[in-house]
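Worksheet: the structure to be examined is printed underneath.
Read-outs throughout are calculated quantities, based only on the coordinates presented, and are distinct from any laboratory measurement. Note that the coordinates shown come from a computational prediction; the quantities given were computed from them, not determined experimentally. Here Cβ is always computed from backbone atoms with ideal geometry, including for glycine, and neighbour counts include all displayed protein chains.
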Amino acid sequence: MRTEGADSSFTIELRESLHLTEHGMRVDKLRITNSFLTTDLGRHVYYKDGSGGITSFALPEQAYTGAQLALAMQTASSRTTTYDPNTNAITQAVVTGEEWLSDAALKAFSSGFPSGASNAAPLSLGTVLGDSTTVGGNHVWTFVKMSPYDYLFLRSRRLTVASSQDPNGRHDVIACIPLTKGIGAVETANSPDGVYLRLPTDLVLRNIDFSLTDYRGNIVDLRGRPLTFEICFD
């Protein structure tokens, strides 16, 4: 039973202690509803202001299609912006002296950020917009993705494993779930067939924590939708 927490970060308490000596573990029937907005990691678009500083525009929080995102950027910035469904690219007219600023470029500025943002955490659309280049009088984001996440990770500090799927080398990831179907769809994952992750020896379990995070370890917002899974010990 769950003893504390929220939909994507919680602790369960077993009815009685479970003593594992030399065991493996796998995760099956991992299931979530993709509830993530395009703007979940940030909704600001930044530009030079022509006077040595920066200016920014905030887009409405929502899940966008490519065409909708281009229109929202155009409406906010008053710069002609188009989306190409064949290449998944967004093209925007450049204003000389007021060029777009990437997250890396924003590190050179110490002021001018909207409330809650900073040069270290600009809360921008940079992750969604991706790589870009300037072609003639236009700025082109060459492949825009509408989801802020490609993969999510189920973690537990109590169930540390030897062969974790964590991209940063931590040992608390017990399952990885790719997001492939888009907002509103049910996303599922299982441990690979026949694979059990090796647990520490002589492990006693009563309270077990779980959290669903991005690759940085930040807990994601499921917006009240359930996270379900099955743990199997061998």
query = Per residue of the chain, what 222 nm ellipticity follows from adding -39500 (n - 2.57) for every DSSP H run with n ≥ 4, rounded to the nearest 500?
reply = -2000 deg cm²/dmol
note = Between the residues 76, 89, 104, the Cα farthest towards the positive end of the dipole of the chain, that dipole coming from +1 and -1 charges on the beta-carbon of Lys, Arg, Asp and Glu, is from 76
query = Any idea what the relative contact order of the stretch 165-216 is, in percent, if you count C-alpha pairs under 8 Å spaced at least 6 apart?
reply = 32
query = How far is it, in nm, from the label point at residue 105 to the one at residue 14 when both lie 7 Å from their Cα along the line to the Cβ?
reply = 5.4
message = If the elastic network links every pair of Cα atoms under 10 Å, which of 59, 106, 205 fluctuates the most in the Gaussian network model of the chain?
response = 205
message = I want to make sure I understand the PRE zone here: with the label point 7 angstrom from the Cα of residue 162 toward its beta carbon, which residues in the stretch 213-234 have backbone N atoms less than 15 Å away?
response = 234
request  = Taking H placed 1.01 Å from N in the peptide plane, check which residues at least 5 places from residue 18 or on another chain put their amide H under 5 Å from its amide H.
outcome  = 205, 206
Among 125, 18, 159: highest mean-square fluctuation, GNM of the chain, C-alpha pairs under 10 Å = 18
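Please find the FRET efficiency linking residue 88 to residue 29, where r is the Cβ-Cβ separation and R0 is fixed at 30 Å, and quote it to the nearest 0.05.
Values: r = 32 Å, r/R0 = 1.08.
Working from the Cβ atoms, E equals 0.40.
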note = In whole Hz, the Karplus estimates of ³J(HN,Hα) for the stretch 86-96 (6.51, -1.76, 1.60; θ = phi - 60°; x where Gly or Pro) are 6, 10, 6, 9, 10, 10, 9, 5, 8, 9, 4
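Quick one: compute the contact order of the chain, relative version, from alpha carbon pairs under 8 angstrom and 6+ residues apart, as a percent. Numbers along the way, then the final one.
Details: 521 pairs, mean separation 79.3, N = 234.
The value is 34 percent.
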message = Between 201, 80, 213, where does the largest GNM mean-square fluctuation fall for the chain, given springs only between Cα atoms within less than 10 Å?
response = 201
ask   = Non-local amide H neighbours of residue 185 (under 5 Å, H modeled in plane, Pro and chain starts lacking H): which ones?
value = 34
query = With a 10 Å Cβ neighbour count serving as the proxy for reagent exposure, in which order, fewest first, do 234, 209, 202 appear?
reply = 202, 234, 209
inquiry  = Give me 133, 75, 91 sorted ascending by neighbouring Cβ count inside 10 Å, so fewest comes first.
reply    = 133, 75, 91
Rough spin-label spacing in nm, given labels placed 7 Å along Cα→Cβ, for residue 228 and residue 118 = 4.1
task = For the stretch 28-132, calculate the relative contact order in percent as a whole number, restricting contacts to Cα pairs under 8 Å that are 6 or more residues apart.
result = 30
note = Rh (Kirkwood, all Cα-Cα pairs) for the stretch 44-141, Å, reads 13.7
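Please give the FRET efficiency for residue 71 paired with residue 150, using the beta carbon to beta carbon distance and R0 = 25 Å, rounded to the nearest 0.05. List each step's numbers first, then the result.
Numbers: r = 24 Å, r/R0 = 0.98.
The calculated FRET efficiency here is 0.55.
I need 25, 73, 146 ordered by Cβ neighbour count within 10 Å, fewest first. Don't skip to the answer; put the middle values down first.
Working: 25 20, 73 23, 146 17.
In order of increasing Cβ crowding within 10 Å: 146, 25, 73.
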